[in-house]
Ligand SMILES: Nc1ncnc2c1ncn2[C@@H]1O[C@H](COP(=O)(O)OP(=O)(O)OP(=O)(O)O)[C@@H](O)[C@H]1O
């Protein structure tokens, strides 16, 4: 696969801003893990977050769907504006935020239920669909989008955990899609997968970009380079550099970015 061959980086400079953070700071107790992060993430693009271990990539990602709210010691200051509205405003329902913004984790984590129920559980709970034909339709559409339908259509009532690791991760992507989000967050979604499953998911992400805004944390710089339109380099809680992926990997402006990309640390 060609390094820096991301097809989406051309001609999308005028894309609409989907997510914008303003002076975003996050504290775990006394520890300031994010420092004045300001970034504008574009709609229907893939944005990769890279940087050394502990620099705050996952913390930042979790700010985008208010997942950090679940941690007692966390204090967040600043704004995360999605579709023009700060998701930390008092009148915003955090459960509704998490519904609009799907998340896929490092380890595939299907529920201990059937493939079918993995996809219908949350939509039924949120009353997005009714049992029966609507659920059947949702299951087929979500699995089609996640590129898994042909592999599982004859065993929808088998446990999700009976699938291979790569299939389980695509089931988790289908589950994220089933709640009709418009943003999908992915935290190292392929790091537990073999190279073939990784390629399948990378290809799938290119297709999903048509319909969703995707933000992905990855340790794999070649992956960021292959799949993303924009890349953000984080270091010790700061956003050091954010640019078109091709520019960031070939002509990084900041010394810290150069050191990381050229392997001088991290
Ligand atoms: N639940 C938590 N409680 C306290 N501190 C935390 C918590 N989660 C993360 N941290 C700290 O916040 C900082 C950023 O962590 P984070 O996991 O966001 O980094 P990361 O860049 O995603 O790292 P990695 O690449 O290793 O996953 C680190 O110093 C980490 O120890």
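The values are calculated or read from the model by the stated rules, or taken from the named source; none is laboratory data. This is a predicted model, so every value here is computed, not measured. Quick reminder, even Gly has a Cβ in these numbers, built from the backbone with ideal geometry, and neighbours come from all protein chains shown.
Some points to look at:
- Meets criteria (more than 16 Å from the ligand (Cβ to nearest atom) and in contact with a strand residue (DSSP E or B) (Cβ under 7 Å, 6 or more places away or on another chain)) for residue 81: yes
- Annotation: of all residues in the range 222-244 being away from the ligand (no atom under 15 Å from the Cβ) and in a loop (DSSP other than H, G, I, E, B), the one that is farthest from residue 198 (Cα to Cα) is 229.
- Test: residue 247 is over 12 Å from the mean Cα position of the chain (by Cα), more than 16 Å from the ligand (Cβ to nearest atom) and more than 16 Å from residue 55 (Cβ to Cβ): yes
- Taking the listed residues 252, 181, the one that is farther than 16 Å from residue 46 by Cα, outside any helix (DSSP H, G or I) and more than 16 Å from the ligand (Cβ to nearest atom) is 252, with no other qualifying.
- Filtered residues of the range 132-147 (kept if at pLDDT 95 or above and not in a helix (DSSP H, G or I)): 132
- Residue that is surrounded by the most Cβ atoms within 10 Å (Cβ to Cβ) [pool: residues in the range 44-71 that are more than 9 Å from the ligand (Cβ to nearest atom) and assigned to a loop (DSSP other than H, G, I, E, B)]: 65
- Scanning the range 222-234 for residues that are surrounded by fewer than 20 Cβ atoms within 10 Å (Cβ to Cβ) and in contact with a helix residue (DSSP H, G or I) (Cβ under 9 Å, 6 or more places away or on another chain) yields no hits at all.
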